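Remarks on the structure that follows.
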Amino acid sequence: MKPRMFARRTGKVLATSRAAMALVFLVALLIDPTTPGPGGSGVYIMLAAYLAGAAVMIMIAWRSWWWEFRLAPWVHGIDTLAFVFAVYFSEISKADFNSPFMALTAFLLISATLRWGWFAVAWTALALIGLNLVIGTGLFVLGFPFDPYRYGRRLMYLGVLSIMMVWLSGEQRGPRSAPMPRTPGTPGERRNAILVDTLTFARVSLQARGAAIAVPHGEEPWTELLRDSGYAVIVERLGPEVLEGCFGEPDRASLIDRTRGRRIISRASSYPIALNGPVDAPLAEHCGVKEAMIVTFETAAGPGQLLIWGIPDMCVDDLPLVETIGRHLSTELDREDLAELAQAASAAALRDALARDLHDSVAQFLAGTLFRLEALSRWIREGQDPTDEINDLKAALRREQGELRAMIQRLRRGEEGDRRTDLIEELETLLGEMSQHWHITVRLEAQIRPMPVSIGLAHELRQLMREAIANAARHGSCSDVAVSVSTGGPGLTLRIADNGEGFPTDSPIHRPRSISERVEALGGTLSICHNRPGAVLDIALPNRIA
């Protein structure tokens, strides 16, 4: 508790400083009875009354955040009047340093800085200069001892000090910040940990007895409520009717007293405002809290709210810190939602890519193997020697096993980096295997040799070719496939033409799903047309992927 006695407690600091300064000034007058000057014993009475009032303000500042906030403008005005009377009715003719002028001036300007910022400092400085001019002129007219040189010098000091304080308050005053907690873990999997860490941080940093966070839970109609009482974090799920009511303006913290119907609400461009009336705080009502600090924050899923209660010596000085915690929580939850969406999108893309690879390689190979086994069975029935075909099937199975192992290794390693390979060499090897596997002629026409491309692009084009040739053999019953590859201005161009049956003329052309998805993923275009006989697939890929 002791470290927080004056931490961020503007009202306590000012009240104590005011009383100490009044006490020192009164003692100084009592010790040196020649100083009262033109005010006589009235100065003692005025200072004693001011000291009594300062003592009352100390009790108010330590006991009631509401009245300390509401009385602050009036007390500031009394301080200004007390400054003027104390200076001019305790003067002696020559001694500058017997006067409390500079101490009281600094106190008033610093008080305005701590409470309201540069705007209040400017108005306080103008009021002090104006009152000094009026009363100085009055003293001169009434014939009191008056030194114009010292009077002008003090006005200059006051003006310079006021300018400096206006500048400092405008440059230095701002929302108080705090080192927000950084929750470890994998983005997209830290939502509950972020809520718990922020809840604990808010309670500990404000030395509160408890704190609670209410957040919407995605698309579900219920609200997730976490409560930290210092011993454990309790999680509840509440229906939409439990927290009915307005959550308030986002990113604006409030200090509430539900029993007395009091609120102090922070504002973005000005000093906080105090309001009387019923307090609409459904979260505080649900938690059974009468007096607390509360802030609403926005998330992608909807508004949430942070409630902190049992704060020692609660006052408006804590509002900026609570707002900072609310903004931090809003940002972290939105980042977590984005990371979760990115993970879901990445997982979906991986599933689609794996499905395409399995369809274009394993599924098509098994279909071709089934055709060859049926042909092998027919040969055996006809009395032909199956040895060569069996050896070819074994070799094809070994090659497919190697392809499958390579696919598994790519999945384990991730990206291939900057490794490159010769596309023409890769396709020649593949087309030879496809020709033997489907018992058709497959020819490759290439304008440039070699044609270096990335390992990833070579894999995509190999899979694309496997699917296209398998479709031509299985569905088009072709006997010849011509593949041409070229590079030019637009990028990489492939043409796959067969002499099969082509597409039915009485129905629209059905675009192969796997090939279309693979071309779109590469940022290219696919066009399909009849070749009478057969069909032609024209694929254009951009330069950046080559």
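The values are calculated or read from the model by the stated rules, or taken from the named source; none is laboratory data. For clarity, every value in this text was computed on a predicted model and none was experimentally measured. Cβ coordinates were reconstructed from backbone atoms using ideal geometry, including for glycine residues, and neighbour counts include every protein chain displayed.
Just a few scattered comments:
- Conditions (1) buried (at least 17 other Cβ atoms within 10 Å of the Cβ); (2) at pLDDT below 75: number failed by G143: (1)
- Inter-residue pairs, beta-carbon under 7 Å, first on the phi > 0 side of the Ramachandran plot and in the range 514-538, second among the polar types (S, T, N, Q) and buried (at least 18 other Cβ atoms within 10 Å of the Cβ), 6+ apart: G534/N499
- Of the candidates G456, G432, the single residue that is small (G, A, S) and over 18 Å from L492 (Cα atoms) is G432.
- Of the residues making up the range 370-382, those that are surrounded by fewer than 16 Cβ atoms within 10 Å (Cβ to Cβ), assigned to a helix (DSSP H, G or I) and not aliphatic (A, V, I, L, M) are F371, E374, S377, R378, W379, R381.
- Residues that are within 25 Å of the chain's Cα centre (by Cα), surrounded by 15 or more Cβ atoms within 10 Å (Cβ to Cβ), at pLDDT 80 or above and not in a loop (DSSP other than H, G, I, E, B) within the range 217-262 comprise T223, E224, L225, L226, R227, D228, V233, A253, S254, L255, listed in sequence order.
- Residue in the range 67-80 that is under 46 Å from the mean Cα position of the chain (by Cα), modelled with pLDDT of 80 or more and not in a helix (DSSP H, G or I) present: no
- You will find that of S486, S477, the residue that is out of contact with any helix residue (DSSP H, G or I) (no Cβ under 6 Å at 6 or more places or on another chain), of a type in the set (S, T, N, Q), assigned to a loop (DSSP other than H, G, I, E, B) and surrounded by fewer than 18 Cβ atoms within 10 Å (Cβ to Cβ) is S477 and no other.
- Hits in the range 263-295 (condition: in a strand (DSSP E or B) and farther than 19 Å from A208 by Cβ): I265, I273, A274, L275, N276
- Between L350, L333, L275, L358, the distinction of being at pLDDT 85 or above and of a type outside the set (S, T, N, Q) belongs to L275 only.
- For the range 360-389, filtered to residues that are within 18 Å of E403 (Cβ to Cβ) and among the small types (G, A, S), the residue that is nearest to the chain's Cα centre (by Cα) is S361.
- Scanning the range 259-300 for residues that are touching a helix residue (DSSP H, G or I) at 6+ places or on another chain (Cβ under 6 Å) and free of Cβ contacts under 8 Å to residues at least 60 places away in the same chain returns S266, A292, V295, F297, E298, A300.
- Top-ranked residue of the range 428-452 - restricted to ones that are surrounded by 13 or more Cβ atoms within 10 Å (Cβ to Cβ), modelled with pLDDT under 85 and outside any helix (DSSP H, G or I), ranked as farthest from the chain's Cα centre (by Cα): H439
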